[in-house]
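Since every read-out is calculated from the coordinates, none of them should be taken as a lab result. Given the structure is predicted, the values throughout are model-derived calculations rather than measurements. Using ideal geometry, Cβ is built from the backbone for each residue, glycine included, and neighbour counts are taken over all protein chains shown.
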Amino acid sequence: MIYFDNAASTPVYDIVTDYMNKLQKNVFGNPSASHSFGRKARIEVERTRKKIAEKLNVKTSEIYFTSGGTEGNNAILWGCARDLERKVFITSPTEHPCVLNTLESISKELPVQVKFVDVNSEGYVDLKHLDFLLSESPRSVVSLMHANNETGVILPVMDIAFLCKNHRALFHSDIVQSAGKLDLDLEKSGFDFAVGSAHKFHGPKGIGFMYVKSPNFFKSYTSGGRQERKMRAGTENVVGICGMGVALEWALYNLDATINNVRNLKNELIRLLEEEIPEVKFNGDPKNENSLHTIVNISLPETYDKELLLAKLDIEGIAVSAGSACNSGVEKGSHVLTALGADPARPALRVSFSTYNSIDEVRKFVDVLKKIKKEK
Ligand code: PLP
């Protein structure tokens, strides 16, 4: 089996599984309890918070644990609208649904306006247009992801943060695809809010973190106890939190070598596809060394069977993800590829790598793609 769907989720590191199993057995106290069992759990949680904060170069008190990327993005956007009373949100059509749908819900419930910044055919945000929107609506919230989950396009977050500061706007960034894959300095990047998710960097599912830069704290979005410094009520997922901490540490260990190896896979895939299936088109900007090393998004020629493509690859033991531009308002295609103006007649595939993939797998994948074409 070849697993090329790492942007959807990654295999958990053995070291993480082992650590979590040990904790599950030995650290079962409630971290809010004052006895030694509780204190033991609290120490583990706070040690992990400190570790994650150090890895991302922010204050320990600015890291909050959540159930993942979706919850973090929801909490921050709702918090900005409800508690920080921001009235205008600027985002792009290529954001993850958990940002776009949340903003839509907020605008239905509160007197909030959502504006969309233009993106070009590669998926880059038009910074001049962003500057214009910000000058129209100062003190807004800008929500733009760091690395796009479908194309791997990386936005120039420091430039965006600079514009936000100039216009007294808050900058929220979904860093779900870049956390654990790039050496991030959240303070230097200029984020006011950021959101990560452990299962994208070989950690467990259902656990994530949000960075909330002081003093932009918002009120608790769940009612109950006083956990997470009164921001998120509910007993902490001790084992998940600690598993995430080990996963992040491990993902960032020897990072340059990992990036190099994975980028070689990406470059080899692009080279082979151009050689063997010359009609192929790439979505995003994958040849840019600044694109995320883990993702390649391709549009195959129309000779490929759009409906059966994924099933045929699955039969061959290859797991990738589909994505195609919308043909009509009825057909539900990829909103990202539609925004980029990708040809809806061409079947699109997102190939996403991790450190567990190899060059042989890339070659096998291209061979299978050629074979599937011949069968048509
Ligand atoms: N944001 C991005 C960019 C993602 O790729 C994903 C996962 O697909 C999410 C948010 C949602 O994260 P989670 O699965 O932790 O809720």
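Could you work out the relative contact order of the chain, using alpha carbon pairs under 8 angstrom and six or more residues apart, expressed as a whole percent?
About 21 percent, as a whole number.
Along the Cα→Cβ direction, 7 angstrom out, place labels at GLU279 and GLU302. What is the inter-label distance in nm?
0.9 nm
Using just the C-alpha positions of region 146-224 as equal point scatterers, what log10 of I(q)/I(0) does the Debye formula give at each q in 0.12, 0.15 1/Å?
-0.38, -0.58
Tell me, what is a quarter of the convex hull surface for the C-alpha atoms of region 234-330, in nm² with one decimal? The partial results should precede the final answer.
Values: hull surface 42.5 nm².
The orientation-averaged projected area of the Cα hull of region 234-330 comes to 10.6 nm².
Counting only helical runs of four or more DSSP H residues, what would the 222 nm mean residue ellipticity of the chain come to if each run contributes -39,500 (n - 2.57) and the total is spread over all its residues? Working shown, then result.
Working: 13 runs with 156 residues, N = 376.
Taken over the chain, the calculation gives -13000 deg cm²/dmol.
What angle do you read, to the nearest 10 degrees and between 0 and 90, between the alpha-carbon axis of helix 36-56 and the longest principal axis of the chain?
Once rounded, one gets 50 degrees.
Hey, with R₀ at 22 Å, roughly what FRET efficiency would PHE162 and GLU136 work out to, going by the Cβ-Cβ distance, to 0.05? Please list the in-between numbers first.
Numbers: r = 18 Å, r/R0 = 0.81.
Calculated value: 0.80.
From largest to smallest, what semi-axes in whole angstrom does region 124-178 give when each is the square root of 5 times an eigenvalue of its alpha carbon gyration tensor? Write down the numbers at each step before the final one.
On the way: eigenvalues 84, 25, 14 Å².
Value: 20, 11, 8 Å, ordered largest first.
With only alpha-carbon atoms counted, please give the Rg and Dmax of region 34-156, in Å.
My reading of the Cα-based Rg and Dmax gives 17.7, 58 Å.
Based on the alpha-carbon gyration tensor of region 137-275 and its eigenvalue square roots a ≥ b ≥ c, which shape applies: rounded if a/c is under 1.5, prolate if not and a/b is larger than b/c, or oblate? Write down the numbers at each step before the final one.
Working: a/c = 2.49, a/b = 1.29, b/c = 1.92.
Verdict is oblate for region 137-275.
Relative to the longest principal Cα axis of the chain, at what angle does helix 69-82 sit, 0 to 90 degrees, rounded to 10?
Around 60 degrees separate the two axes.
Quick one: which of LYS128/LYS219; LYS50/LYS287; LYS50/LYS200 span more than 26 angstrom between C-alpha atoms? Mind showing how you got there, number by number?
Values: LYS128/LYS219 34 Å; LYS50/LYS287 36 Å; LYS50/LYS200 20 Å.
Correct reply: LYS128/LYS219; LYS50/LYS287.
Indicate, rounded to the nearest 5 percent, the antiparallel portion of the DSSP beta bridges found entirely in region 1-157.
In region 1-157, DSSP labels about 20 percent of beta bridges as antiparallel.
Assuming 1.002 mPa s and 20 °C, estimate D for region 14-253 with Stokes-Einstein, Rh taken as the Kirkwood radius over Cα pairs, in µm²/s. Write down the numbers at each step before the final one.
On the way: Rh = 18.2 Å.
For the chosen part, D equals 117 µm²/s.
How much length is gained on full extension from ASP14 to LYS128, taking 0.36 nm per residue of separation minus their Cα-Cα distance? Don't jump to the answer; show the numbers that get you there.
Details: separation 114, 0.36 × 114 = 41.04 nm, distance 4.60 nm.
In short, 36.4 nm is gained.
Hey, what angle do you get for helix 127-136 against the long axis of the chain, alpha-carbon based, 0 to 90 degrees rounded to 10?
Long axis of 127-136 versus the principal axis of the chain: about 40 degrees.
How many times 2.2 N^0.38 Å is the alpha carbon radius of gyration of region 94-133?
After normalising by residue count via 2.2 N^0.38 Å, the value is 1.32.
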